[in-house]
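Following this message is one structure expressed as C-alpha cells.
The values are calculated or read from the model by the stated rules, or taken from the named source; none is laboratory data. Nothing here was measured: the structure is a model prediction, and the numbers come from that model. Cβ coordinates were reconstructed from backbone atoms using ideal geometry, including for glycine residues, and neighbour counts include every protein chain displayed. What goes into the accessible areas is simple: the full protein's heavy atoms, side chains included, and nothing from ligands, DNA or RNA. Shrake-Rupley method; radii C 1.70, N 1.55, O 1.52, S 1.80 Å.
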Amino acid sequence: MSVYSRPVVMLLTGLLSLTISIAVLNTLVPLWLSHEAMPTWQIGLVGSSYFTGNLVGTLLAGALIKTVGFNRSYHYSCLLFAVATLGLGLSIGFNSWVLFRFVAGVACALIWVVVESALMRSGTLQTRGQLLAAYMMVYYLGTVIGQLLLSGVTTALMTVLPWVATLTIAAVLPLLFNRIDGQGMAAPRVAIWPMLRRRNARLGVNGCVISGVVLGSLYGLLPLFLSHQGLSDGNVGYWMALLVSAGILGQWPIGRLADRYGRLMMLRVQVFMVIIGSLSMLSHAAMAPALFLLGCSGFTLYPVAMSWACEKVGPDELVAMNQALLLSYTVGSLLGPSATALLMQRYSDRLLFVMIALVALVYLAMLLRKPDHHQTPVATA
C-alpha cells in the first residue's frame, strides 16, 4: 500500500494552496505597513501578534481535533484564515492589524497541527519520515511560489487580498470529498506539558524554539531589511524565494545525512551554518550565498529537531508531542521578531543578523555539551 494515500495527497494539495496565501501575506504585511510609514517597532508587534495567535492556536488544536475531527478542524481553520485576510482591507491601522494578524495566526496554527498530526497518525514508524519530508517540501514549495508571485502581480493591498482569500477558500475543496483516516475521536488525550519536560527530548524542544527565533525573524523582518536597502517589492520577493528555495534543496540531503551520521551531528552542523550565514549577511557583497546558506540550514533545523523529539514518544503521544514542539517553535517565533525589531528600531537593521547569530551560538553551546545517549532514528527528517 502506498504511503501517500488519496486523503494524504488531497491534504497536501490543499496545504500547497494555503501556504501560497500565507507566504504572500507574511512578506507583504510588513511592506504594506512600512509604506504607511509605521515605525519599525509597531511593524514588529504586528508580526508578533501573528505568532501570538500561533501560540493560542497550538493550545486549542488538540481540543478542536478531539471535538470535530481532522476534516472539520481543517475546514474551519481555512475559513477563519480567509476571514482574517479579508479583515485587513477594512483599514490600515495598528490596532486592527494586530487583531486580524492574531486571528490569522490562530488559524494557521490550527491548520499546521491538524495537517502534521493527521500525517503522523496516517503513517507508521517507518513511513512517518517520508510523510514529514513531503509535508515540509510542499510547505516550502508553496512559500517559494508565493514569493515568486509577488514579482509578477500588483502588490497593492486591495488587489492582493481578494485572490489570496480565494486561494485560501480553494484549499478547503480537496478534503470536501476525502476523509482523513483516524479522525482521532477515540484517541486518548495526552497533556502537552509533560512532553516539554522530557529530559531525553530537551535538545529537540530547544531546537524548535531556536528554529522559531530564526525563521520568525527572517520571515517577519528580512523583507523590511531588504526594503530599507532600496529594493522594490518584487525584488524582495525574489530574495525571499531564494531563501526558501535553499530550504527546499536542503531538506532531502540533510535528512539523509541525519539518518547516516545522527541528528546530533547534523544539528551542530546546521547551527554552525546559521551562524556563518548570519555573519556573512553583514557584508552586502555576499548576500546571495549568505541567504542560500541561511535558508539551507535554518529551514531544515525544525524538522531535524522535531524528529529528534518525536523518536522519544509512543504513537499515542505523537499529537501531544507535535503540539508541544509547535508550541516551542511558536514561542521562539514570538520572542524573536519582537526583541529584534526593537533593536533594529533603536540601533541598526544589521542587528537582525547579529541576533540570529547569537541565539544560534547559544544553541550550539547546548549541542556541544555531552548529551544523553541517542540512537540513530528509524524515521527520516
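Using packing as a proxy for protection, rank 159-167, 240-248, 216-224 so that the peptide with the highest average count of other Cβ atoms within 10 Å comes first.
216-224, 240-248, 159-167
Could you tell me the largest-minus-smallest coordinate of the C-alpha atoms of region 1-105 on each of the three principal axes, in descending order and whole angstroms?
55, 25, 21
Let me ask another. If I compute solvent accessible area with a 1.4 Å probe over the protein chains, what percent of it on the chain is carbon and sulfur?
Reported share for carbon and sulfur atoms: 66 percent.
Here is a further query. Please compute the per residue accessible area over the chain with all protein chains in place, 1.4 Å probe, rounded to a whole number of Å².
Result: 39 Å² per residue.
Would you mind calculating the gained length between S348 and F177 on full extension (0.36 nm times residue separation, minus the Cα-Cα distance), in nm to one decimal?
Working it through step by step, the gained length comes to 56.4 nm.
From the residues W32, G142, L231, which one has its Cα farthest along the dipole of the chain in the positive direction, the dipole being from +1 and -1 charges on Cβ of Lys/Arg and Asp/Glu about the Cα centre?
Value: G142.
Moving on to the next point. Can you figure out the FRET efficiency of A288 with M158, using R₀ = 30 Å and their beta-carbon distance, to the nearest 0.05?
Efficiency, rounded to the nearest 0.05: 0.35.
Rounded to the nearest 20 debye, what is the charge dipole size of region 140-262 about its Cα centre when +1 sits on each Lys and Arg Cβ and -1 on each Asp and Glu Cβ?
Computed about the Cα centre, the dipole is about 700 debye.
Would you please put 341-351, 264-274, 297-307 in order of how densely packed they are, using the mean number of other Cβ atoms within 10 angstrom per residue and starting with the highest?
The peptides rank, most packed first, as 297-307, 264-274, 341-351.
Let's test the formula: R0 of 35 Å, r as the Cβ-Cβ distance of R256 and L361. What FRET efficiency results, to the nearest 0.05?
0.85
What whole-number volume per residue, in cubic angstrom, does the convex hull of the C-alpha atoms of region 1-61 give?
96 Å³
Given the convex hull over the Cα atoms of the chain, what projected area results after averaging over all orientations, in nm²?
In nm², the orientation-averaged hull projection of the chain is 16.9.
Only helical DSSP H runs with n ≥ 4 go in: add -39500 (n - 2.57) per run for the chain, normalise by residue count and round the 222 nm mean residue ellipticity to 500 deg cm²/dmol.
Rounded to the nearest 500, it is -27000 deg cm²/dmol.
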